[in-house]
Amino acid sequence: MPRILAIDYGLKRTGIAVTDEMQIIASGLTTIPSETAITFLKDYFAKEKVERVLIGEPKQMDYTPSESAKLIEAFVEKFKNNFPDLPFERVDERFTSKMAFQTMIDSGLKKKQRQNKALIDEISATIMLQDYLSRKNF
């Protein structure tokens, strides 16, 4: 069974998470510089079968687009142009960074380790993907 991949795209960094082949568990894959995202994805898709991609959609509390929405829309357009046959979905990414930070605290990471923004982005993508899997399986 092909994997599902989640992207938490940001101005500087992009967190990426992926499912196992059975689409049961979401795991953080990596964090990359955002300007290399399309190149990274081309390489990854050449090696692994992916049936769907989730791309975070930043929203305010009132569901209006956040300040970073335009940046992410530009990435979505590049994604569609480079991977026209690969289905993707936009998913709400509100609170994922806060949840990622709390996960780091709960897992006992030291303060210095919790300041690693790349790790926060990767965990955020993992949270988005696990939430999607939970909803999908109901």
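Results, tabulated for the structure shown:
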item: Residue identified as of a type outside the set (V, I, T), at pLDDT 75 or above and in contact with a Lys or Arg (Cβ under 6 Å, 6 or more places away or on another chain) among D121, D85; result: D121
item: Unmet criterion (only one of (1) modelled with pLDDT under 95; (2) not in a strand (DSSP E or B)) for F40; result: (1)
item: Test for I72: is it among the hydrophobic types (A, V, I, L, M, F, W, C), out of contact with any helix residue (DSSP H, G or I) (no Cβ under 7 Å at 6 or more places or on another chain) and farther than 18 Å from K136 by Cβ; result: yes
item: Test set (1) outside any loop (DSSP other than H, G, I, E, B); (2) within 26 Å of S134 (Cβ to Cβ) - L86 fails condition number; result: (1)
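The values are calculated or read from the model by the stated rules, or taken from the named source; none is laboratory data. All of these numbers come straight from a predicted model, not from anything done at the bench. Every residue, glycine as well, gets a Cβ built from its backbone with ideal geometry; the counts of neighbours run over all protein chains shown.
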